[in-house]
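Remarks on the structure that follows.
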Amino acid sequence: MRRYPRIRWLMIVFCFFAIAINYIDRINLAIAAPHIKADLGLDDTSMGLILGAFFWTYALMQIPAGRLLDRLGARAGLAIAVGWWSLFTVFTSFGKGFTSLFAARLALGLGEAGGNPGCVKVVYSWFPKKQRATASGIFDAGPRAGSALALPLVAWLISVWDWETSFIVTGALGLIWVVIWLVFYREPEEMKGLDETERQNLLEDRALPTTQADAKVELWSLFRHRNVWGMMIGFFCMNFATYFFVTWFPTYLTVAHGFSLKELGTLGAIPALMGIPGSLLGGIVSDTLYRKGFSLTAARKTCLISGMLLSSVIAFAAFTDSITVILTLFSITYAGLAFTAANIWTLPADVAPASNYVATLGGIQNFAGNLAGIVTASFTGLMLSLSHGSFVVPLLVAGGICVLGALTFMFVLGKLEPLPISPKPDANVIATANQ
């Protein structure tokens with residue numbers, strides 16, 4: 001049996017905490033939203049635009065962030081990303097109206113764009129293909145843990161101090177992470193003290209030969225492939241439901257069902273907590289199927305499709321007022337989304353045409369996925385304004401789009417293998433040909 005460095009698990013735990021902090025820093029506004037609205041006199045439409053502002057820059061920066069991470073590497077790239085978004089989380093506490101809060105959230109999105117592509121890069125660097133879904137499940141449990149922790153933490157900070165303090169404290173968490181990350185993280189090639197056999201096993205098990213590490217690919221040519229579009233559309237569908245939790249779920253519980261801050265921080269955290277085992281299970285099941293003889297395509301798609309179908313039960317929450325039933329449905333939805341996400345984040349490494357395009361593909365995929373954040377936040381805010389506070393239409397639409405996501409992974413996503421390389425033309429060759 002081939003041996004790999006045990007320290008790889010520490011590296012992915014770092015990623016887990018980075019993404020947990022990432023979600024705490026993006027969800028804190030959703031939790032504080034009712035208090036900010038009351039304090040600053042904002043309406044639902046304005047609050048929806050503020051909640052969605054983050055996703056504009058977050059989505060638009062995905063591809064540039066992915067390219068930057070492929071060039072800088074995970075160590076420097078993630079340090080810059082986490083440091084940036086943590087500072088602007090702190091700056092959000094100084095917001096005194098629509099414009100300043102909107103601007104702070106735009107800036108937050110710029111930094112958070114590097115989080116997931118950076119973690120994809122770490123998975124590719126430190127894990128063999130047969131363990132990548134498990135590793136992805138671990139770091140993708142970070143959003144669930146962050147969502148679950150954000151509710152009681154931010155609710156407590158607001159109840160003891162105020163909403164401004166909640167942004168200062170949550171922003172400080174990321175700055176502490178940056179220091180620890182820079183001290184400990186190195187690439188396998190640079191890490192001192194590794195067993196050389198384990199190091200070589202890891203390098204040899206990467207999806208592509210290390211001799212292709214410097215391959216140059218035309219960025220636009222990636223969009224010619226069916227699998228890239230399958231990844232993008234499927235991720236959009238998954239995130240449409242996911243970002244209801246990130247943006248409007250706390251308001252849904254407090255406004256539609258009368259939750260207090262205490263209930264929001266306890267009962268409201270249950271769905272996100274259920275997402276943690278969902279994420280871990282999604283990775284473990286996929287890798288187990290692959291090791292048991294399923295093709296890589298069958299292992300990944302089985303989990304992607306089943307997770308999206310399971311998450312579609314969010315629609316049934318529109319037809320009940322029972323808190324027990326609602327929390328059960330949202331818990332199943334969150335677990336299904338997490339089960340799917342653990343496998344979505346393996347796809348960039350599974351199909352990358354060269355080793356220096358893993359984070360780029362992660363960025364492309366996440367760009368499309370986070371357009372859903374813009375749509376979900378703004379669409380829900382608009383529907384609330386038009387329907388005088390009813391969440392029925394947003395919940396029904398979210399369930400339907402989950403089914404669409406399952407169909408996309410079934411019929412659009414094809415065989416998972418490295419994309420054919422369309423190399424950039426060599427300038428010397430072109431010059432010679434023109435002579």
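Looking across segment 1-60, the residues that are open to solvent by 10 Å² or more (accessible area, probe 1.4 Å) and either among the polar types (S, T, N, Q) or in contact with a His (Cβ under 6 Å, 6 or more places away or on another chain) (or both) come down to T45, S46, T57. Cβ-Cβ contacts under 6 Å between residues 6 or more apart (or on different chains), taken from a first residue in segment 325-345 that is closer than 15 Å to I276 by Cβ and of a type outside the set (F, W, Y) to a second residue that is open to solvent by 20 Å² or more (accessible area, probe 1.4 Å) and part of a helix (DSSP H, G or I), are listed as S331/I270; S331/M274; I332/V313; T333/V313; A335/M274; G336/L310. Only one of the numbered conditions (1) of a type in the set (D, E, K, R); (2) more than 16 Å from L416 (Cβ to Cβ); (3) assigned to a helix (DSSP H, G or I) is not met by D321, and that is (3).
Selection of segment 1-39 for residues being among the basic types (K, R) and part of a helix (DSSP H, G or I) yields R8, R26, K37. Here F245, F235, F223 are screened, and the one residue that is surrounded by fewer than 24 Cβ atoms within 10 Å (Cβ to Cβ) and not β-branched (V, I, T) is F223. Selection of helices (runs of 4 or more DSSP H) fully inside segment 81-191 by the criterion of at least 1 residues being among the charged types (D, E, K, R), over 27 Å from G278 (Cα atoms) and open to solvent by less than 20 Å² (accessible area, probe 1.4 Å) returns 98-112. The criterion of at least 2 residues that are open to solvent by less than 50 Å² (accessible area, probe 1.4 Å), modelled with pLDDT under 85 and touching a helix residue (DSSP H, G or I) at 6+ places or on another chain (Cβ under 6 Å) is met by the following helices (runs of 4 or more DSSP H) wholly inside segment 344-435: 358-386. Among the conditions (1) farther than 22 Å from N366 by Cα; (2) in contact with a Phe, Trp or Tyr (Cβ under 8 Å, 6 or more places away or on another chain), the only one that A352 does not satisfy is (1). None of I332, I323 is open to solvent by 30 Å² or more (accessible area, probe 1.4 Å) and within 22 Å of the chain's Cα centre (by Cα) except I332. Residues of segment 281-296 that are open to solvent by 50 Å² or more (accessible area, probe 1.4 Å) and either within 19 Å of the chain's Cα centre (by Cα) or at positive phi (or both): L281, I284, G293.
Is it the case, given these coordinates, that L72 is over 19 Å from L51 (Cα atoms), in contact with a helix residue (DSSP H, G or I) (Cβ under 8 Å, 6 or more places away or on another chain) and without any contact (Cβ under 8 Å) to a residue 12 or more places away in the chain? Considered against the rule, which asks whether it is over 19 Å from L51 (Cα atoms), in contact with a helix residue (DSSP H, G or I) (Cβ under 8 Å, 6 or more places away or on another chain) and without any contact (Cβ under 8 Å) to a residue 12 or more places away in the chain, L72 comes out as yes.
When L42 is tested against (1) of a type in the set (A, V, I, L, M, F, W, C); (2) in contact (Cβ under 8 Å) with a residue 60 or more places away in the chain; (3) not in a helix (DSSP H, G or I), just one condition goes unmet, and that condition is (2).
Whether any residue in segment 297-306 is touching a residue at least 12 places away in the same chain (Cβ under 8 Å), in a helix (DSSP H, G or I), among the small types (G, A, S) and open to solvent by 30 Å² or more (accessible area, probe 1.4 Å) is what I want to check. Yes; the residues of segment 297-306 include at least one that is touching a residue at least 12 places away in the same chain (Cβ under 8 Å), in a helix (DSSP H, G or I), among the small types (G, A, S) and open to solvent by 30 Å² or more (accessible area, probe 1.4 Å).
Whether a residue is at pLDDT 85 or above and touching a Gly at 6+ places or on another chain (Cβ under 6 Å) was assessed, and G146 does not pass this test.
The values are calculated or read from the model by the stated rules, or taken from the named source; none is laboratory data. Everything numeric in this text was worked out from a predicted model, so none of it was measured. Cβ atoms come from the backbone with ideal geometry, glycine included; neighbour counts cover every protein chain shown. Protein only, heavy atoms only, side chains kept; ligands, DNA and RNA dropped before computing areas. Shrake-Rupley method; radii C 1.70, N 1.55, O 1.52, S 1.80 Å.
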